[in-house]
Amino acid sequence: MKPSIVLLLLLAPFCAVAQTPPQQSNSAELPAACRELPVPAAFEAEAYAIDGDTLAFVGLKPHVRIWGIQAPELRDRDNLETVPGMRSRAALEDLVATAARKLSCRPTQWDRYCRLVAVCNARTQNALASTDLGLNMLSLGMAYGFYLDADAIAGLPDLSRLYASHEAAARKNRIGLWPIWMGDPKK
């Protein structure tokens, strides 16, 4: 692998964690196709993982980007699948499959690709508890925090802090993809 690519892979997670503007800071930045669309209410539907941070729902047109996380790209510039991207997608697919594909999502905004950005939860087997997909992806080390602006999720003021602490623990313990991101692919 070229040294410049290795450096980019190592720095990418740390650059994204830095303070960045929210995904939808100005509606003029959105494509015309979704600029005037209202953000839908919370919903439940059957889902499948497209990659490590994006879901497709049966019967719903827009894809859903999981709020607060960034996962490795599934394909590189040559359109070849990447190992980190496949591992991240597989981890999200496992979380979705564990919930019999039934997810509940709370949309917050549209992103620049006209995807809904949402906090999504998977129901556990006993149907009384739910699992935050973004938080789990961070805990598994299959994604890192992205656009953790506290104002984006009304009613969940500590979610950004919770996501950041789970990412920090995964990074510290070199869980999941963190050994690769930190330049220690042998682990």
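The values are calculated or read from the model by the stated rules, or taken from the named source; none is laboratory data. This one's a predicted model, so the numbers in the text were calculated from it and none came from an experiment. Note: ideal-geometry Cβ built from the backbone for every residue, glycine included; neighbour counts use all protein chains shown.
Structure notes:
- Some residue of region 1-22 being in a helix (DSSP H, G or I), exposed (fewer than 13 other Cβ atoms within 10 Å of the Cβ), modelled with pLDDT of 50 or more and of a type in the set (Ser, Thr, Tyr): no
- With a requirement of 1 or more residues that are out of contact with any strand residue (DSSP E or B) (no Cβ under 7 Å at 6 or more places or on another chain), the strands (runs of 3 or more DSSP E) lying completely within region 29-70 that satisfy it span 43-51.
- Selection from region 67-91 of residues that are in contact (Cβ under 8 Å) with a residue 24 or more places away in the chain and more than 23 Å from residue 179 (Cα to Cα): 67
- Taken over region 86-103, residues that are among the small types (Gly, Ala, Ser) and surrounded by fewer than 17 Cβ atoms within 10 Å (Cβ to Cβ) amount to 3.
- Single match in 164, 127, 168, 122 (criterion: assigned to a loop (DSSP other than H, G, I, E, B) and either more than 26 Å from residue 30 (Cβ to Cβ) or at pLDDT 80 or above (or both)): 127
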